[in-house]
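First up is the structure itself, then whatever we jot down about it.
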Amino acid sequence: MLEIKDIHTYYGESYILQGVSLELQKGELVTLLGRNGAGKTTTIKTIMGFLIPRPGAIHFKGREITGLRPHQIARMGMGFVPEDRRIFSSLTVLENLNLPVVGGGSDGWSLDKIFEHFSILEERIRHKGSELSGGEQQMLAIARILRSGAELLLLDEPTEGLAPFLIRTIEGIMKEIKKSGMTVLLVEQNIHFATEVADRHYILYGGKIAYHETNQEFKGNEEVKRKFLGI
Amino acid sequence: MSQYLITQFLNGLVLGSLYVLLSIGLSAIFGMLGIINFAHGALYMLGAYAAYTVVGVLSGNFLIAILVVPLAIGLIGALLETTLLRRLYRVVPLYNLLLTFGLMLAIQDAVRIGYGPEGEPFNIPSALLGAVNLGFTYYPKYRLFIFAITVLASIGLILFLEKTKLGSIIRAGTEDSDMVDALGIDIGKIFTLVFGIGAALAGLAGVLAAPVQNVAPAMGMSFLVDTFVVVVIGGMGSIIGSIIAGLIIGETLTIGVLIWPPMATTLIYVFMAIILLIRPRGLFGREKFHE
Ligand SMILES: Nc1ncnc2c1ncn2[C@@H]1O[C@H](COP(=O)(O)OP(=O)(O)O)[C@@H](O)[C@H]1O
Ligand SMILES: [Mg+2]
């Protein structure tokens, strides 16, 4: 589904990703873990086409997407939920939900299906993005991308700053997303949440993938958690 | 005296109307593309010359000019955006300033070469000659027409932005263009559209101004400076801000002349300075631009 081969990404002169490779099979939920500043967001932005790796290659559904513009990548079926949510504050919840272009060959979730899983949003349908709480904004960011029919989701810390009951809601949605056959690359700091939902884990450390194992192995590996994640 | 005051007040609304049409585009282009478009005044001037060409040279109808000229200037704007401006979005703003400033000079000189440096005569269309009895005063028909067209254009634009899908994309793009792109929408096309709409409104202002201002190559230059003041006061990227601030500046200039002529133009800068001190983002601007 997604194959990243040896990507190197810079911000100006700062060399952030120093040869990152990873691979996702269709239907998998895989996390990208790492300490603050490890380069997780940079990886996501590189996949989405905001940053161009040099060198390095990214293949999505068998096609090379390196160098394509974000909207071209999105239309192939890649969905992006950014770290800071980036809800459009002057648009209503409904307008936010109707914005994405449906692409990638599969239909997006209908509004009915969205409201079934995100009942909070239905009550807020006419409210502006700026009137939502942080948790509601996060729900909207996820719901918005589900409308696009994306086959692969890039989720950057969806549980950050959320109350425990909202994290449980998102956990339920993750499982629903998985059941529907979507593939997910999840960036997460909340290890408990990560091990609840994921099949496999990658850990970014020093600009490279330092560890890569199944959920089962990772759960029990205290040494790796201490060494690469500081916990 | 009060009769005279009312007339001046109406004159202020009419002058303000032109500022409104010009500043909406200037403000939207800055709000979304991050570009200060010095060529905006030149597009306004082009609108006036295009109207002069349609009506004076081709002996066409003023109504045709009002419909066709904004479209043509809008297309020119869209063309400038796709061929030139788009290349410079990702570099330091100074290059954008140089480019749009250079474009302004180039357009002005092209017109000077084509039509000569002196102004062109432009008469008020005969159907709009004369005055209307407003009950409390008589007022020139054509000036009311300028105001009415501006009201219609503003309402149309607000409805388009608030009620249509494309409008919601433009509003979203003004907030966060990268995120709009990530949702599968080619933001480059939206930039072109916004630049084109802004140019079309400048062209419309040029057509409307042609019968009441001197149609000359430099006519956009001085107007542009005042329009920058309007954009700063109204807040970058805000249509409502442009409308309110445009009318305020129109009034300040025309009423100010009554009190003490030399003061009128200074007054708008004083007003701008006060706004910048107490509310740097302008009356209706969003915080984003002043982080
Ligand atoms: N726009 C930027 N310009 C320069 N450096 C940046 C930029 N964004 C992030 N960085 C740097 O890149 C590194 C990786 O950042 P990021 O990918 O956001 O980390 P993570 O998401 O893992 O916390 C950090 O050292 C950060 O300071
Ligand atoms: Mg991050």
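Taking A:A210 as meeting all but one of (1) away from every other protein chain (no Cβ under 14 Å); (2) touching a residue at least 24 places away in the same chain (Cβ under 8 Å); (3) within 16 Å of ligand 1 (Cβ to nearest atom), write down the number of the exception.
Only one criterion is unmet by A:A210, namely (2).
Among all residue pairs at least 6 apart or on different chains, which show Cβ distances below 7 Å where the first residue, located in the range A:41-60, is free of Cβ contacts under 8 Å to residues at least 40 places away in the same chain and the second is of a type in the set (D, E, K, R) and within 14 Å of ligand 1 (Cβ to nearest atom)?
Every condition considered, the pairs that remain are A:F50/B:D178.
Cβ-Cβ distance below 6 Å, separation of 6 or more or different chains: which pairs start in the range B:176-202 with a residue that is at the interface with chain A (Cβ under 7 Å from one of its Cβ atoms) and over 13 Å from B:L166 (Cβ atoms) and end on one that is open to solvent by 20 Å² or more (accessible area, probe 1.4 Å) and not in a helix (DSSP H, G or I)?
Within 6 Å, the pairs are B:D176/A:R86; B:M179/A:R86; B:G184/A:V101.
Tell me which residues, restricted to the range B:250-272, are open to solvent by 50 Å² or more (accessible area, probe 1.4 Å) and either part of a helix (DSSP H, G or I) or at positive phi (or both). Even if it seems obvious, please write down each step before you answer.
First, the residues of the range B:250-272 that are open to solvent by 50 Å² or more (accessible area, probe 1.4 Å): B:257-263, B:265-267, B:269-271.
Once the filter is applied, which keeps residues that are open to solvent by 50 Å² or more (accessible area, probe 1.4 Å) and either part of a helix (DSSP H, G or I) or at positive phi (or both), the range B:250-272 yields B:V257, B:L258, B:I259, B:P261, B:P262, B:M263, B:T265, B:T266, B:L267, B:Y269, B:V270, B:F271.
Restricting attention to the range A:94-103, and to residues there that are of a type outside the set (S, T, N, Q) and facing chain B (nearest Cβ under 9 Å), which single residue is nearest to B:R286 (Cα to Cα)? Spell out the reasoning first.
Pass one, the range A:94-103, residues of a type outside the set (S, T, N, Q): A:94-95, A:97, A:99-103.
This time we only want the ones that are facing chain B (nearest Cβ under 9 Å), so: A:95, A:99-103.
Values: A:E95: 20, A:L99: 21, A:P100: 24, A:V101: 27, A:V102: 30, A:G103: 32 Å.
My answer is A:E95.
Tell me whether the range A:18-26 contains one or more residues that are part of a loop (DSSP other than H, G, I, E, B), modelled with pLDDT of 90 or more and more than 11 Å from chain B (Cβ to nearest Cβ).
Yes, because at least one residue in the range A:18-26 is part of a loop (DSSP other than H, G, I, E, B), modelled with pLDDT of 90 or more and more than 11 Å from chain B (Cβ to nearest Cβ).
When the residues of the range A:27-70 are narrowed to those that are of a type in the set (K, R) and within 14 Å of another protein chain (Cβ to nearest Cβ), which ends up farthest from ligand 1 (Cβ to nearest atom)?
The initial filter retains those residues of the range A:27-70 that are of a type in the set (K, R), namely A:35, A:40, A:45, A:54, A:61, A:63, A:69.
Of the ones still in play, those that are also within 14 Å of another protein chain (Cβ to nearest Cβ) are A:45, A:69.
On the way: A:K45: 7, A:R69: 19 Å.
That would be A:R69.
Return the residue satisfying two criteria in turn: it lies in the range A:11-26 and is loosely packed, with under 14 Cβ neighbours inside 10 Å and within 7 Å of ligand 1 (Cβ to nearest atom), and of such residues it is nearest to A:E160 (Cα to Cα).
Across the range A:11-26, the extreme among qualifying residues is A:Y11.
Given the condition assigned to a loop (DSSP other than H, G, I, E, B) and within 14 Å of another protein chain (Cβ to nearest Cβ), answer yes or no: does some residue in the range B:238-249 qualify?
The initial filter retains those residues of the range B:238-249 that are assigned to a loop (DSSP other than H, G, I, E, B), namely B:238.
The next check asks that each one be within 14 Å of another protein chain (Cβ to nearest Cβ); those that pass are B:238.
The answer is yes, given that some residue of the range B:238-249 is assigned to a loop (DSSP other than H, G, I, E, B) and within 14 Å of another protein chain (Cβ to nearest Cβ).
Those residues that are open to solvent by 10 Å² or more (accessible area, probe 1.4 Å), facing chain B (nearest Cβ under 7 Å) and closer than 16 Å to A:I58 by Cβ, I need them from the range A:75-93; list them, please.
Narrowing the range A:75-93 to residues open to solvent by 10 Å² or more (accessible area, probe 1.4 Å): A:75-76, A:83-87, A:89-90, A:92.
Keeping just the survivors that are facing chain B (nearest Cβ under 7 Å) gives A:75, A:86, A:89-90.
If the condition is that a residue be open to solvent by 10 Å² or more (accessible area, probe 1.4 Å), facing chain B (nearest Cβ under 7 Å) and closer than 16 Å to A:I58 by Cβ, then A:R75 is the only one that fits.
Among the residues of the range A:100-152 satisfying the criterion of being assigned to a loop (DSSP other than H, G, I, E, B) and among the charged types (D, E, K, R), which is farthest from A:K179 (Cα to Cα)? Outline the logic, then answer.
As a first pass, look at the range A:100-152 and keep what is assigned to a loop (DSSP other than H, G, I, E, B): A:100-110, A:118, A:124-127, A:132-133, A:147-151.
Cutting the leftovers down to among the charged types (D, E, K, R) gives us A:107, A:124, A:126, A:147, A:151.
Working: A:D107: 16, A:R124: 27, A:R126: 30, A:R147: 16, A:E151: 12 Å.
Checked the range A:100-152; the qualifying residue farthest from A:K179 (Cα to Cα) is A:R126.
Condition check ((1) within 17 Å of A:T31 (Cα to Cα); (2) of a type outside the set (S, T, Y)) across all residues:
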| site | (1), (2) |
| --- | --- |
| A:L132 | no, yes |
| A:A143 | no, yes |
| A:L154 | yes, yes |
| A:A163 | no, yes |
| A:L166 | no, yes |
| A:M174 | yes, yes |
| A:H192 | yes, yes |
| A:Y205 | yes, no |
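Kindly indicate the residue of the range A:185-231 that is among the polar types (S, T, N, Q) and more than 16 Å from ligand 2 (Cβ to nearest atom) and also most open to solvent (accessible area, probe 1.4 Å) among those meeting that condition.
If we filter the range A:185-231 for residues that are among the polar types (S, T, N, Q), which is where we start, we get A:189-190, A:195, A:214-216, A:221.
This time we only want the ones that are more than 16 Å from ligand 2 (Cβ to nearest atom), so: A:195, A:214-216, A:221.
Working: A:T195: 18, A:T214: 64, A:N215: 20, A:Q216: 142, A:N221: 33 Å².
Across the range A:185-231, the extreme among qualifying residues is A:Q216.
Determine which member of the set A:S106, A:S110, A:S133 is more than 12 Å from chain B (Cβ to nearest Cβ) and closer than 28 Å to A:H59 by Cβ. If you could, list the steps in order and put the result at the bottom.
Values: A:S110 fails: closer than 28 Å to A:H59 by Cβ; A:S133 fails: closer than 28 Å to A:H59 by Cβ.
Going through A:S106, A:S110, A:S133 in turn, just one is more than 12 Å from chain B (Cβ to nearest Cβ) and closer than 28 Å to A:H59 by Cβ: A:S106.
Could you count how many residues in the range A:149-184 are of a type in the set (A, V, I, L, M, F, W, C), under 19 Å from A:V102 (Cα atoms) and either open to solvent by 10 Å² or more (accessible area, probe 1.4 Å) or in contact with a helix residue (DSSP H, G or I) (Cβ under 8 Å, 6 or more places away or on another chain) (or both)? Break it down into steps so the answer makes sense when it comes.
Step one: of the range A:149-184, the residues of a type in the set (A, V, I, L, M, F, W, C) are A:150, A:152-155, A:162-163, A:165-167, A:170, A:173-174, A:177, A:182, A:184.
Now narrow it down to the ones that are under 19 Å from A:V102 (Cα atoms): A:150, A:152-155, A:177, A:182, A:184.
Okay, now just the ones that are also either open to solvent by 10 Å² or more (accessible area, probe 1.4 Å) or in contact with a helix residue (DSSP H, G or I) (Cβ under 8 Å, 6 or more places away or on another chain) (or both), so A:150, A:153-155, A:177, A:182, A:184.
Summing the residues that are of a type in the set (A, V, I, L, M, F, W, C), under 19 Å from A:V102 (Cα atoms) and either open to solvent by 10 Å² or more (accessible area, probe 1.4 Å) or in contact with a helix residue (DSSP H, G or I) (Cβ under 8 Å, 6 or more places away or on another chain) (or both) in the range A:149-184 gives 7.
Please state which of the following conditions A:H127 fails to meet, knowing it meets all the rest: (1) more than 14 Å from chain B (Cβ to nearest Cβ); (2) crowded, with 16+ Cβ neighbours inside 10 Å; (3) more than 16 Å from ligand 2 (Cβ to nearest atom); (4) modelled with pLDDT of 90 or more.
Going through (1) more than 14 Å from chain B (Cβ to nearest Cβ); (2) crowded, with 16+ Cβ neighbours inside 10 Å; (3) more than 16 Å from ligand 2 (Cβ to nearest atom); (4) modelled with pLDDT of 90 or more one by one, A:H127 breaks only (2).
Kindly provide the set of residues from the range A:7-51 that are touching a Lys or Arg at 6+ places or on another chain (Cβ under 6 Å) and within 11 Å of ligand 2 (Cβ to nearest atom), ordered by number.
A:L32, A:G34
For the range B:156-165, indicate whether the set of residues that are within 14 Å of another protein chain (Cβ to nearest Cβ) and farther than 30 Å from A:I73 by Cα is non-empty.
Scanning the range B:156-165, I find at least one residue that is within 14 Å of another protein chain (Cβ to nearest Cβ) and farther than 30 Å from A:I73 by Cα, so the answer is yes.
The values are calculated or read from the model by the stated rules, or taken from the named source; none is laboratory data. Keep in mind that what you see is a predicted model, and the values were worked out from it rather than measured. Don't worry about glycine lacking a Cβ; one is built from the backbone with ideal geometry, like all the others, and counts go over all protein chains shown. Note: accessible area is taken over every heavy atom of the protein model, side chains too, but ligands, DNA and RNA are not part of it. Shrake-Rupley method; radii C 1.70, N 1.55, O 1.52, S 1.80 Å.
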